[in-house]
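The values are calculated or read from the model by the stated rules, or taken from the named source; none is laboratory data. Note that the coordinates shown come from a computational prediction; the quantities given were computed from them, not determined experimentally. Cβ atoms come from the backbone with ideal geometry, glycine included; neighbour counts cover every protein chain shown.
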C-alpha cells in the first residue's frame, strides 16, 4: 500500500483567506476605471502616439497603473481631510 504525504492544512487555510480590504461598490470601481482610461488616452495623445501603437496587454497595464495612482491619490486626500477635521496641520 502506498502512503500519500500529509498535507499541511494550515498552509491551505492561509492561501484561502479572503482579503481584509473593503471592496468598493461596483459603480465606484467602474467610474475609477473610466477615469483611468481617460487619463491614459490623454497621456498617449501627449506622447504623440495612437492607441493602435500599443498592444492590448500594454494598454491594460497602463490603465491598471493609472488606477493605482488614482487610488493612492484618494487615500492621501482622505488622510488630509481627516487630519484637517482633527485640527492637525500636515502641510497639504
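Might you check whether a residue that is at pLDDT 90 or above and at negative phi occurs anywhere in region 23-30? Give the steps one after another, and end with the answer.
Narrowing region 23-30 to residues at pLDDT 90 or above: 30.
Restricting the remaining residues to those that are at negative phi gives 30.
Yes, there is a match, as at least one residue in region 23-30 is at pLDDT 90 or above and at negative phi.
Could you tell me whether residue 75 is without any contact (Cβ under 8 Å) to a residue 40 or more places away in the chain, at positive phi and either exposed (fewer than 12 other Cβ atoms within 10 Å of the Cβ) or not in a helix (DSSP H, G or I) (or both)?
On the way: without any contact (Cβ under 8 Å) to a residue 40 or more places away in the chain: yes; at positive phi: no; either exposed (fewer than 12 other Cβ atoms within 10 Å of the Cβ) or not in a helix (DSSP H, G or I) (or both): yes.
No.
State yes or no: is residue 85 at pLDDT 90 or above and closer than 26 Å to residue 24 by Cα? Show your work before the answer.
Numbers: at pLDDT 90 or above: no; closer than 26 Å to residue 24 by Cα: yes.
In short, no.
Any idea which of 49, 39 is surrounded by 10 or more Cβ atoms within 10 Å (Cβ to Cβ) and not in a helix (DSSP H, G or I)?
Working: 39 fails: not in a helix (DSSP H, G or I).
Among 49, 39, only 49 is surrounded by 10 or more Cβ atoms within 10 Å (Cβ to Cβ) and not in a helix (DSSP H, G or I).
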